[in-house]
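Peer 1: Okay, here's the structure, questions in a sec.
Just so you know, all these numbers are worked out from the coordinates, no wet-lab data involved. It should be emphasised that the depicted structure is a prediction, and the values quoted were computed from it without experimental measurement. Cβ: placed from backbone, ideal geometry, glycine included. Neighbour counts: every protein chain shown.
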Amino acid sequence: MVSLQKETLRIPLVSELMIPSEKVAHVQISNPLEHALLVLVKSGYSAVPVLDPSYTFQGVISKTRILEETIGIEEFEMNRLSEIMVKEVMDDQVPCLTKEQTMIDALHKLIDHPFVCVTNDKGEFDGIVTRRTILKQFSKHYHETLKYTMLETT
Ligand code: 4BW
């Protein structure tokens, strides 16, 4: 019983929790904003990672940041989106994780960000960890711990 509880409470590594890069929608740093908006609308995500041609992580671009660029004095000026590049408006001040860090490191960063990018020591993009993944882990641990606690008290 005790050994089962220890197994249940093992803290997973980021490598076990992340969505791998090949399943993550992204845009390139030199893409115009109109292409980035297309990727965001088609994928259904509100923000995605920005990479350079060598797959090095550069920042995050969101629908909100793109739409802010279209605000003119009297109307939305959508034609501006072909003239502005992703690198000009992306957020490059976002935290990252490495595969070797733990779920607790991810949890701290996900308080202020809906997802956090995972990079290697060269800054290359490995994937993302999302709030959904961490919440699912906590839900699983909560239910398993509750199950063992109830077994012990009966
Ligand atoms: O297309 C979707 N499929 C599924 N299964 N869930 C989705 C999808 N779009 C949105 N959701 C749900 C998720 O629960 O809405 C939440 C908020 O989405 P967001 O932020 O505002 O687009 C999703 O929460 P989450 O899984 O914890 O993801 C947090 C954020 O991580 C998303 C998005 O910005 C990013 N993200 C998640 N999966 C991604 C991704 N970005 C690129 N590629 C992916 N595969």
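Peer 1: If eta is 1.002 mPa s and T is 20 °C, what Stokes-Einstein diffusion coefficient results for the range 35-88, Kirkwood Rh from Cα pairs, in µm²/s?
Peer 2: Using the Kirkwood radius from Cα pairs, D works out to 179 µm²/s.
Peer 1: In addition: Going by how many other Cβ atoms sit within 10 Å of their own, how do Met85, Met103, Met90 line up, fewest first?
Peer 2: Placing the least packed residue first, the sequence is Met85, Met103, Met90.
Peer 1: Measure up Lys87/Lys122; Lys63/Lys99; Lys63/Lys87; Lys42/Lys109 against 23 Å on the Cα-Cα distance and list the ones that go over.
Peer 2: From Lys87/Lys122; Lys63/Lys99; Lys63/Lys87; Lys42/Lys109, over 23 Å: Lys63/Lys99; Lys42/Lys109.
Peer 1: Let me ask another. Which of Glu16, Glu152 comes first, and how do the rest follow, when ranked by fewest Cβ neighbours within 10 Å?
Peer 2: So the ranking, lowest neighbour count to highest, is Glu152, Glu16.
Peer 1: Over the residues of the range 37-154, compute the C-alpha Rg and express it relative to 2.2 N^0.38 Å.
Peer 2: 1.43
Peer 1: Sticking with this structure for a sec: Rounded to the nearest 0.05, what FRET efficiency do Ser30 and Asn120 have when you use their Cβ-Cβ distance and R0 = 22 Å?
Peer 2: Once rounded, the FRET efficiency stands at 0.50.
Peer 1: Given the -39500 (n - 2.57) contribution per DSSP H run of 4+ residues, what per-residue ellipticity at 222 nm results for the chain, rounded to the nearest 500 deg cm²/dmol?
Peer 2: Calculated from helices alone, the mean residue ellipticity at 222 nm is -12000 deg cm²/dmol.
Peer 1: State which helices in the chain qualify, where a helix is a whole DSSP H run, it must extend 27 Å or more along its own axis by its Cα atoms, and its mean Kyte-Doolittle hydropathy must be at least 1.0.
Peer 2: Helix filter hits for the chain: none.
Peer 1: Suppose every K and R has +1 on its Cβ and every D and E has -1 on its Cβ; what is the size of the dipole of the range 1-136 about the Cα centre, in Debye to the nearest 20?
Peer 2: Roughly 760 debye, rounded to the nearest 20.
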